[in-house]
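The values are calculated or read from the model by the stated rules, or taken from the named source; none is laboratory data. A quick note: this is a predicted structure, and the numbers were derived from the prediction, not measured. Cβ: placed from backbone, ideal geometry, glycine included. Neighbour counts: every protein chain shown. What goes into the accessible areas is simple: the full protein's heavy atoms, side chains included, and nothing from ligands, DNA or RNA. Shrake-Rupley method; radii C 1.70, N 1.55, O 1.52, S 1.80 Å.
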Amino acid sequence: TCASPPEPSRLLLRDLLWLFLTSALLAYYIYTPIPEDIGEPWKVMLLSAGFRTMGHLAEVMDQLGLMHYMEVLTLITAAEYVAPTSDENVTVMDTEFSNVAVRLYLPRRVSDGPRRAVLFFHGGGWCLGQAGTLLTPLTSGMKSYDQLSRWTSNLLNAVVVSVNYRLAPKYHFPTQFEDVYSVTKFFLQSSVLSQYGVDPDRVCVAGDSAGGNLAAAVAQQLLADAEVKTKLRAQALIYPALQPLDLNLPSYQENANKPILSKSLMVRFWSEYFTSDSSLREAMALNRHVPVEYSHLFQFVNWSALLPAELKKGHAYTSPTFGSPELAHKYPGFLDPRAAPLLGSDERLRGLPPTYVLTCQHDVLWDDGAMYVGRLRALGVPVTHQHAADAFHGAMTFVLGPAKLAVGQRLLSSYIEWLNENL
């Protein structure tokens, strides 16, 4: 005999049960505790869930050997290519400086004299991003970096050079640094500055996250380059990554699972900057990647000496646990000041131009920026340190479309205002 079909009431009950279970699992996955001082928490929660989903998918694909972790993120986050589109305020074009792709933003407004200029290096962990796209999931219509450069050019009546440096995993350090440095050095030639109507006394470098790292490294290197006669007027570092020696700073501990940039993802970005060899990532995750022969470098990242008391928050400093020298010999980049600007000597830092540093409360990189601020101030470098107590890493890119956040607009306005007053 055939079994009789389920009664309609039982079918309805089963469907409701599946709906409840699916909704509960979805809510559990999406829900992330958001600090009380972060505004628009549900929007931030959804954005965080989007990034977390991307990371989980990339991890699965990588573990199955189907695609490299960073290649998956690149595929997911790559927004539709944004053509260099001019408008009534800014002329936009793609070209090359010193064989490196750049996007130029040239203001149309009449100027009484030579213009200011900003060399901008985008973020993305040295692995992701383009000058004309963004890195934000769920918001593929946004054009964060393109819009940021467009606003900068128009509001400051400045020439903006946004650099499309080569990325990991195809290229590792020092390629990213060399690309942005060669563009900067090319642009600072008097003939090039004259071609674009730029005042040689009003040029700055700027960048966010990994781009802030590159901007800081470029500013340091220029001071040691006798071939470069033009000096930077300023540098602007937006939640910069400045050292991979100690990846267990108080900010790494407190913000390990905060929105957008987790500790594990930052460790992966750092390791991928130097190699795709997973042994370096594993050692960095344990904070055991620096050999004892380089112990002298820890003086430059000793948070117990460099952070103000309010940032230590009861954390106890412990001496570093040293690792095998093999990794440092194979991948010496993580000990190089060009990759880790906080490792620069006092002599290397002393002549730096006026500096803007933005740090965020809920960011693993907060202490990097704070330590750099302390070192620069101790050496007499003029520093403006803006700390956003209600912000997380990447907040300044959320300024358009459905993911627009009030905190992002506020941070962007402060950055533009500082450039206007100091460049």
- Is it true that T318 is modelled with pLDDT under 95 and among the hydroxyl-bearing types (S, T, Y)? yes
- Query: Are any residues in the stretch 154-169 under 19 Å from the mean Cα position of the chain (by Cα) and of a type outside the set (S, T, N, Q), and if so, which ones?
  - Reply: V160, V161, V163, Y165, R166, L167, A168, P169
- Query: Within the stretch 57-71, is there a residue that is in contact with a helix residue (DSSP H, G or I) (Cβ under 8 Å, 6 or more places away or on another chain) and charged (D, E, K, R)?
  - Reply: yes
- Task: Please find, among V399, V407, the residue that is β-branched (V, I, T) and closer than 23 Å to S251 by Cβ.
- Result: V407
- What number goes with the only condition from (1) hydrophobic (A, V, I, L, M, F, W, C); (2) in contact with a Phe, Trp or Tyr (Cβ under 9 Å, 6 or more places away or on another chain); (3) surrounded by 20 or more Cβ atoms within 10 Å (Cβ to Cβ); (4) modelled with pLDDT of 95 or more that L352 does not pass? (2)
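Please list, ordered by residue number, the helices (runs of 4 or more DSSP H) wholly in the stretch 246-342 having 2 or more residues that are open to solvent by less than 40 Å² (accessible area, probe 1.4 Å) and touching a helix residue (DSSP H, G or I) at 6+ places or on another chain (Cβ under 8 Å).
Values: elements: 250-254, 263-274, 278-285, 303-306, 309-312, 325-330.
Ranges flagged: 250-254, 263-274, 278-285, 325-330.
Would you check which residues across the stretch 222-245 are of a type outside the set (A, V, I, L, M, F, W, C) and surrounded by fewer than 21 Cβ atoms within 10 Å (Cβ to Cβ) and list them?
So in the stretch 222-245, the residues of a type outside the set (A, V, I, L, M, F, W, C) come out as 225, 227, 229-231, 233, 235, 239-240, 243-244.
Within the stretch 222-245, D225, E227, K229, T230, K231, R233 qualify.
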- Does the stretch 376-388 include one or more residues that are surrounded by 23 or more Cβ atoms within 10 Å (Cβ to Cβ) and of a type in the set (S, T, N, Q)? no
- Go through the residues of the stretch 153-171 one by one and say whether even a single one is open to solvent by 10 Å² or more (accessible area, probe 1.4 Å), touching a Pro at 6+ places or on another chain (Cβ under 8 Å) and touching a residue at least 24 places away in the same chain (Cβ under 8 Å). yes
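Residues are listed down the side, and each one gets a yes or a no for (1) under 30 Å from F120 (Cα atoms); (2) in contact with a strand residue (DSSP E or B) (Cβ under 6 Å, 6 or more places away or on another chain); (3) at pLDDT 65 or above; (4) of a type in the set (A, V, I, L, M, F, W, C):
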position: E7; (1), (2), (3), (4): no, no, no, no
position: R10; (1), (2), (3), (4): no, no, no, no
position: P33; (1), (2), (3), (4): no, no, yes, no
position: R52; (1), (2), (3), (4): yes, no, yes, no
position: L64; (1), (2), (3), (4): no, no, yes, yes
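Only one of A241, A236, A215, A219 is among the aliphatic types (A, V, I, L, M) and part of a loop (DSSP other than H, G, I, E, B). Can you tell me which? Walk me through it before giving the result.
On the way: A236 fails: part of a loop (DSSP other than H, G, I, E, B); A215 fails: part of a loop (DSSP other than H, G, I, E, B); A219 fails: part of a loop (DSSP other than H, G, I, E, B).
On inspection, the qualifying residue turns out to be A241.
Considering only residues of the stretch 199-216 that are touching a Lys or Arg at 6+ places or on another chain (Cβ under 8 Å) and open to solvent by less than 10 Å² (accessible area, probe 1.4 Å), which is nearest to L342 (Cα to Cα)? Talk me through it step by step, then tell me what you get.
At the first step, the residues of the stretch 199-216 found to be touching a Lys or Arg at 6+ places or on another chain (Cβ under 8 Å) are 199, 201-204.
Checking the rest, the ones that are also open to solvent by less than 10 Å² (accessible area, probe 1.4 Å) come to 203-204.
Numbers: V203: 23, C204: 19 Å.
Among those that are touching a Lys or Arg at 6+ places or on another chain (Cβ under 8 Å) and open to solvent by less than 10 Å² (accessible area, probe 1.4 Å), it is C204.
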- Item | Which numbered condition V82 misses (of (1) crowded, with 17+ Cβ neighbours inside 10 Å; (2) at pLDDT 85 or above) | (2)
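Name the single residue, out of those in the stretch 144-173 being part of a loop (DSSP other than H, G, I, E, B) and of a type in the set (S, T, N, Q), that is nearest to V110 (Cα to Cα). Let's see the steps before the verdict.
Let us first name the residues in the stretch 144-173 that are part of a loop (DSSP other than H, G, I, E, B), namely 157, 164-173.
The next check asks that each one be of a type in the set (S, T, N, Q); those that pass are 157, 164.
Values: N157: 9, N164: 28 Å.
Applying the filter and picking the extreme gives N157.
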- Neighbours by Cβ (under 7 Å, 6+ apart or cross-chain): first from the stretch 248-277, without any contact (Cβ under 8 Å) to a residue 24 or more places away in the chain; second of a type in the set (A, V, I, L, M, F, W, C) and in a loop (DSSP other than H, G, I, E, B): V267/L247
- Item | Where a residue in the stretch 304-316 is over 16 Å from N255 (Cα atoms) and its partner, wherever it lies, is among the small types (G, A, S), with Cβ under 6 Å and at least six apart | L306/G374; L307/A370
- Query: Among (1) closer than 25 Å to P402 by Cα; (2) open to solvent by 20 Å² or more (accessible area, probe 1.4 Å); (3) at pLDDT 95 or above, where does K143 come up short?
  - Reply: (3)
- Query: What is the number of the single condition among (1) within 30 Å of L46 (Cβ to Cβ); (2) open to solvent by 10 Å² or more (accessible area, probe 1.4 Å); (3) without any contact (Cβ under 8 Å) to a residue 24 or more places away in the chain that P402 does not meet?
  - Reply: (3)
